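Remarks on the structure that follows.
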Amino acid sequence: MDAQTYFETLNREFLAVSMPKEELFWTNFMGTTDDHDAFAAAETVYKTFISNPDRIAELRGQIQEAERRPASDEREHLLHGLRGWLEFFRVNAIESAEARAMQADLVQDDTKLFAKRKGLTLHYENEAGERTEASTLVLRTNLVSSADEGVRKSSHEALLDLERWVVDNGFPEMVRRRNAYARALGYRNYFDYKVNHEERMTPERLFEILDEFDRQTRGAQQRGFERLAAKHGDGALAAHNLSYYMHGDTTRELDPYLPFSKSLQRWVESFGRMGVEFRDATLTLDLLDRKGKYENGFMHAPRPAWSRDGTWEPASINFTSNANPDQVGSGNDGLLTLFHEGGHAAHFANVVQNAPCFSQEFPPTSMAYAETQSMFFDSLLRDGDWLKLYARNRAGEELPDALIERKIRSAQPYRAFSERCLLVVPYFEWAVYSLPDTELTAERLIKLARATDQRIFGLDGESRRLLSIPHLLDQSSACCYHGYLLAEMAVNQTRDWIRRQFGYLTDNPQVGPLLAEHYWQPGNSVSHEDTLRSLTGEGFTGRYLAERCNRSVDEAWREARQSIDAVLVRKQPPVQPLRASIRVVHGDALLADNSMSDAAMFAAFEAWIDGHYH
């Protein structure tokens, strides 16, 4: 088989195993089917395909054959695709037969725990003292927004119950098996394997970055705690009170200005004014909470975007959240998901390369690189100028400046704590996967979670409820949480550069085209750091984020005030079409789509939400 035929065949074969797996992933995680065995089988077929070590030698041979061809654009195009596949198999192929056999066991571990987790019911006590069933999203929202301490305390206790359930239902055994798998591949443990595998760095290099950030922000965190205790008493630092008092009353005050029913429209219009396009992708959004649905937002792409012999193959992308529109803060949570997962979708819809290996979300795609795209967009929701333009109550009244100021003044003292909530997770996971097998017991893991929490926050050891974080349970997201903090660093580096160049971010029509050119179109054909250098001219650095964490309240408000003044005199650009077919579903039910128009979709979505909630 010649190199061109081999390349085309490989593209087809990959799609044939990846697309069915992704479709089953969606239906199982959305709770529209319970066919866990079919998903596990499809996942195993996919893993077997990508872990085949024979592909490496085959690809090297095909590259040598292509290199012997006369110089031409076609030859370079072919070599680019073959080299992309070589890198894909280099990071995914498993040469050890023992490890390949173990991989199927890891998939079964995930599938069994997921099925058991779907059957677990958590409860809190509502304001009337009634035992109330709730998802983890509702419980976490209660901790931020409920004025009733009993609600907050029982929600916190429910999450501690979830931690206990995790360690009593197979997690220690999963860690042992993951470590055995990693050791069979030549790594010290699973954390070592994942960091090398996905971020192309050693744990030692990762913790150099994290240790520096720890030192840079520990003082600001402590000052925030002291401020909180001085204002509300030491009880405000208790784990069930911390988030509520940090957010203050602004979550409840903001709620009328961010109704969930308007979140879809605000997302589309904000992205459209920033020049974001989806290159004819199909987007399916499942936004509402329901029993049996996976309790965390995510995006995935059953059909990756790529250019097949010069013909554009648009992406098919799904993303989800667990909104409860009757709950205070749901509108803000809905917007956060739409901007975050919509940022992921924009990224993966815009990868313009000649093979699907460049545009899939797994290694060699770096998690930090992927999260940079999503977290850039959700960062806009904290900006004073964005809130001034888009936060409106049902009467169409804009958010008062005084409330924006209160929001910023209530949030800035705790910015360091917020970012350190990302920092604590990799320290915990590294400690867990570094334990000897004999120490991997339920009690040891609970104690380790409390000790790590206390070391980073200096409080009662329950602030983060580490073992309730869903990312820890699935092998694909385990030992990856550091990617969020690395991404937050890159986001602030990017935001700072755009501000220096243009003076503003909100409704800046240059943003979408710039991100598409420098960050999205290459896909994983270049490194995360290369994309940063391409746009900002500077390698990866965390100093911009540290500077934001250490700013005074007055400095934060002064910058916001200036951005609000500027946006009020700047002409708002038109909403450019997103070039996307959008469907909003609730399980199997279609709530709204833009087949007629975006306006019709907004109206249908708003009517459905208002008709079923409140």
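Express as a percent, rounded to the nearest 5, the fraction of DSSP beta bridges in the range 272-318 (both residues included) that run antiparallel.
Close to 60 percent.
What does the charge count around F502 come to, taking other residues whose C-beta lies under 12 Å from its C-beta (Lys +1, Arg +1, Asp -1, Glu -1)?
Charge balance near F502 sits at +2.
Order the following by accessible area, largest value first: D333, D34, D385. Probe radius 1.4 Å; ligands, DNA and RNA are ignored.
Reading off the accessible areas and sorting them downward yields D34, D333, D385.
Note down the magnitude of the dipole of the range 508-614 about its Cα centre, charges +1 on Lys and Arg C-beta and -1 on Asp and Glu C-beta and zero elsewhere, to the nearest 20 debye.
I would put it at about 280 debye.
Can you tell me what share of the DSSP beta bridges in the chain is antiparallel? A percent to the nearest 5 is fine.
That works out to approximately 55 percent antiparallel.
Dipole size in debye (nearest 20) for the range 1-74 around its Cα centre, Lys and Arg Cβ +1, Asp and Glu Cβ -1?
Computed about the Cα centre, the dipole is about 240 debye.
How much accessible area per residue does the range 292-360 have, in Å², with a 1.4 Å probe?
Result: 23 Å² of accessible area for each residue.
Go through M102, L15, Q64 and say which Cα lies farthest out towards the positive end of the charge dipole of the range 1-148; charges sit on Cβ, +1 for Lys and Arg, -1 for Asp and Glu.
The residue sitting farthest along the positive end of the dipole is Q64.
Local charge sum around Y481 (other residues, Cβ-Cβ under 13 Å, Lys/Arg +1, Asp/Glu -1)?
Details: positive: K194, R420, R464; negative: E198, E199, E371, E419, E429, D474, E488.
Counting the neighbours of Y481, the net charge comes to -4.
So if I take the centroid of the Cα atoms in the range 38-74 and the same for the range 418-470, what is the distance between those two points in Å?
After rounding, the separation between the Cα centres reads 39 Å.
Modelling each spin label as a point 7 Å along the Cα-to-Cβ direction, I'd like the E555/R579 distance in nm, to one decimal.
The answer from the label model is 4.0 nm.
Not counting ligands, DNA or RNA, and with a 1.4 Å probe, what is V491's accessible surface area in Å² rounded to the nearest 10?
Surface open to solvent at V491 totals about 0 Å².
I'd like the FRET efficiency for A600 and Q572, computed as 1/(1 + (r/R0)^6) with the beta carbon distance as r and R0 of 22 Å, rounded to 0.05.
That gives a FRET efficiency of 0.45.
Relative to the present Cα-Cα distance, how much length would full extension add between E98 and Q510 at 0.36 nm per residue of separation? Please report the intermediate quantities before stating the final value.
Numbers: separation 412, 0.36 × 412 = 148.32 nm, distance 5.08 nm.
Taking E98 through Q510 to full extension adds about 143.2 nm, to one decimal.
Just how large is the dipole of the range 211-318 about the Cα centre, in debye to the nearest 20, putting +1 at every Lys and Arg Cβ and -1 at every Asp and Glu Cβ?
Using Cβ point charges on Lys, Arg, Asp and Glu, the range 211-318 gives about 180 debye.
Roughly how much of Y433 is accessible, in Å² to the nearest 10, using a 1.4 Å probe?
Roll a 1.4 Å probe over it and Y433 shows about 10 Å².
Roughly how large, in nm² to one decimal, is the mean projection of the convex hull of the alpha-carbon atoms in the chain?
26.6 nm²
Would you list K116, K571, K262, K231 from the most to the least accessible area, probe 1.4 Å?
K571, K231, K116, K262
As an exercise, identify the GluC sites (Glu not before Pro) in the range 314-420 lying in DSSP coil whose Cβ has no more than 11 other Cβ atoms within 10 Å.
Here the GluC sites (Glu not before Pro) that fit, given the DSSP loop and packing criteria, are E397.
State the percentage of accessible surface on the chain attributable to carbon and sulfur atoms; use a 1.4 Å probe and exclude ligands, DNA and RNA.
Whole-percent figure for carbon plus sulfur exposure: 48.
For the range 427-511, build the charge dipole from Cβ charges (+1 Lys, Arg; -1 Asp, Glu) around the Cα centre, then report which of L472, L505, S434 sits farthest towards its positive end.
Projecting each Cα onto the dipole axis, the largest value belongs to L505.
Whose amide H sits under 5 Å from the amide H of W306, counting only residues 5 or more places off or on another chain, with H placed in the peptide plane?
Amide H neighbours of W306: E313.
Hey, which aspartates and glutamates would be in cross-link range of K112, C-alpha to C-alpha under 16 Å, not counting anything within fewer than 8 residues on its own chain?
D34, D35, D37, E43, D168, E173, D474
Filter the chain for me: DSSP H helices, axial length by Cα at least 18 angstrom, mean Kyte-Doolittle hydropathy not below 0.0. List them by residue number.
Long hydrophobic helices here: 36-50, 415-433, 598-612.
Quote to one decimal, in nm, the extra length available between Y613 and R69 on full extension: 0.36 nm per residue of separation minus the C-alpha distance between them. Walk me through the numbers on the way to the answer.
Working: separation 544, 0.36 × 544 = 195.84 nm, distance 6.44 nm.
The Y613-R69 span can extend by a further 189.4 nm.
Given a Förster distance of 45 angstrom, what is the FRET efficiency for E173 paired with D326, based on the Cβ-Cβ distance and rounded to 0.05?
Result of the calculation: an efficiency of 0.70.
Hey, which of these cross-link pairs are over 19 Å Cα-Cα: K116/K194; K388/K571; K291/K447?
In this structure, K116/K194; K291/K447 exceed 19 Å between Cα atoms.
Roll a 1.4 Å probe over the protein heavy atoms and report the accessible area of L448 in Å², nearest 10.
Accessible surface of L448 is approximately 20 Å².
For the range 97-139 and the range 187-232, what is the separation of their Cα centres, given in Å?
27 Å
Heavy atoms only, 1.4 Å probe, whole protein assembly: order H340, H612 by accessible area, highest first.
So, going from the largest accessible area down, we get H612, H340.
So, counting K/R as plus one and D/E as minus one, what does the shell of residues with Cβ under 15 Å around R279 add up to?
Every neighbour counted, the sum reads -1.
Using alpha carbons only, how many angstrom separate the centre of the range 557-614 from the centre of the range 383-413?
The two parts, judged by their Cα centres, are 18 Å apart.
Pop the C-beta distance of R12 and R90 into the FRET formula with R0 = 30 Å and round what comes out to the nearest 0.05.
My answer for the efficiency is 0.90.
How much area per residue is accessible in the range 1-144 when the probe is 1.4 Å and only protein heavy atoms are counted (Å²)?
Result: 48 Å² per residue.
Using a 7 Å offset from the Cα along the Cα-to-Cβ direction at both E212 and A442, what is the distance between the two label points in nm, to one decimal?
The answer from the label model is 4.3 nm.
The values are calculated or read from the model by the stated rules, or taken from the named source; none is laboratory data. None of the values given here were measured: they were computed from a predicted structure. Please note: Cβ atoms are built from the backbone with ideal geometry, for glycine as well, and neighbour counts cover all protein chains shown. Heavy atoms of the whole protein, side chains included, go into the accessibility calculation; ligands, DNA and RNA do not. Shrake-Rupley method; radii C 1.70, N 1.55, O 1.52, S 1.80 Å.
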